[in-house]
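Below is one structure; the comments refer to it alone.
Any read-out appearing in this document is the output of simple, stated calculations on the displayed coordinates, not a laboratory observation. Quick caveat, the model's predicted, so the values are computed rather than measured. Cβ: placed from backbone, ideal geometry, glycine included. Neighbour counts: every protein chain shown.
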Amino acid sequence: MPTEISSAEGLEGERVATDPTSAGLRSLAIEASSAGLRFVDRCFESVRQRMDGATGLPGEQPSAGDLGAQPRGLVLRPALLGFVAMLAIAIGGSLPSSPFKLEMPGVWFFGVPSTPGASHWGVYFTLAAVYGGLLLLMRVWWGMSRLYSRRPGVPINRMMWVLALWSLPMMVIAPLFSRDAYSYAAQGEMVSHHMNPYLYGPFELGNNAYTAPVDNLWGNAPAPYGPLFLQLDGLVARITLHNELATIVLLRLLALAGVLLMAACVPRLARLYHRDGAEVFTLMVLNPVTILHLVGGAHNDALMLGLLVAGLTAAKEKRPIVAILLCALATAIKAPAAIGILYVGWSWLGSQASTRDRIRPVVTAGLLGAAVLAFFSYVSGLGWGWVTILGTPGAVRSWTAPTTSLALVFAGIAHIAHIGVGLGGVLTVTRFFGLLTAGIAGVWLLLNSDRIGTLKALGITLLLFVVLGPVVQPWYLSWGLILLAPVALGRLRSLIIGLSMVTAFIELPGGTQLVGSLIHGDPLLIVLTLLWILVVLTVPLATWERRDAVPPAPSVGIGRVVSAPVG
């Protein structure tokens, strides 16, 4: 490599002239390092080509223009960085002493419960791995959303490989950040034994492998889920021959199927709303809430959302009957999807229809949806009990729900002022006014949905009912976040991204323990933790765009909608 040698001689000409041996060694070292860099570059190029080949459709050959518009790191580098983040979260959530996993024998295929003498460094490592992985994931996802908004045209099939890569660590560990999946499994076991989960809680099964991991709060609580989900739940229990762990695995695959259904709708949604498919895919399917909670937590909200998104996509394609049937199926999984039936009926005749003209299609949609629900309620033999127990999740009292926080504040003030008002009474009042406010706002959004956009109005309505409802869970917030993704522009887009990043951290365990470790830990532990956080927050991640910078492709037909309402 004469360029490097000449440069070295120019920098240190006098010393090299007097030391030919040193010059020879220097040249050899430079040659070796250059050869090593070329080898690494060839390896990276080989991996990229394999990934590009694997993600292309059969018979698809990228043109020179496509290759110029899609640099090699546009998908591969963020995909690998996100995989590293998910792997760190999975490891930190599975190791002994981790506060993120259920410390009980037999709740997963691997993982040893911690002991009282667990290593302080082990606890620190799991906390740092999970929170560090979360911070890295947020940065990568945010960077991808910005990148694809400026560089449209990445094929959806390549984004599917990113979903597979990011979901893989979540698929091999126990349910993350929630024990709801264990309740699902126990309820499925009840159905398989002809016990009605609308009348009894999981503890009715007695003390066994199904009920041991169930949260005590829900042990005697009836199931607030639709009859279709409980039928699928019972079928899974029978298919797995009543093996609790195998039931959990299939329930997670069911949640993944819901996410895949959402992903399958992305190309059509992007075309219908004149958006770039990769950007919509990133905001909707690769959303941290989707990966961490819907897939990682194996929540049935994933299946509900998959069917709801499919139904709303069909409605946008002017197929109202199909849309109502899909939304009704989503409602038979979980009740919040029923609002989709209302919106499909409201928009059935188009934006020019008067309010009076809309009444008949709304009633028709309601009757058709009710017929589907009646069918599953009858066939399952479970009846309509789920309608009367939809308030079951309200048993949780969490400060993350504004109505609960207000009740706690007012009850505290009343206690100080010696006013005889209990927390329960105050909570009833604040929750009532919260739901009333959400209901009024929801009616206004429905009446103005032609101007606002159907999908946008529906997504905002669901967010309002969650935020102003009795309890706020990360997977509840996914209802609105996912529906708003295809139509999120400007400030709404910034709100969706910010809320998604905050939601991923809501009610995670281990935060207090991490802060305590930093305050009371030894100096070395504190320094290492601060350095780790500094590295995760500041290490350059945007090199996948800068290194391969080329002029962005013109976004003809993929740009933003400027005049027509999106939704």
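Couple of notes before you dig in:
- Peptides ranked, highest mean first, by Cβ atoms within 10 Å: ranges 526-537, 416-427, 76-87: 76-87, 526-537, 416-427
- For the range 382-445, applying the loop criterion from DSSP together with a ceiling of 14 other beta carbons within 10 Å to the chymotrypsin sites (Phe, Trp or Tyr not before Pro) yields TRP384, TRP399.
- Stretch gain in nm, segment ALA164-SER398, where the contour uses 0.36 nm per residue and the Cα spacing is subtracted: 80.9 nm
- Additional length obtainable on full extension of the chain from PHE203 to LEU87, 0.36 nm per residue less Cα span: 38.3 nm
- Summing Lys and Arg as +1 and Asp and Glu as -1 over all other residues whose Cβ lies under 12 Å from the Cβ of VAL140 gives a net charge of +3.
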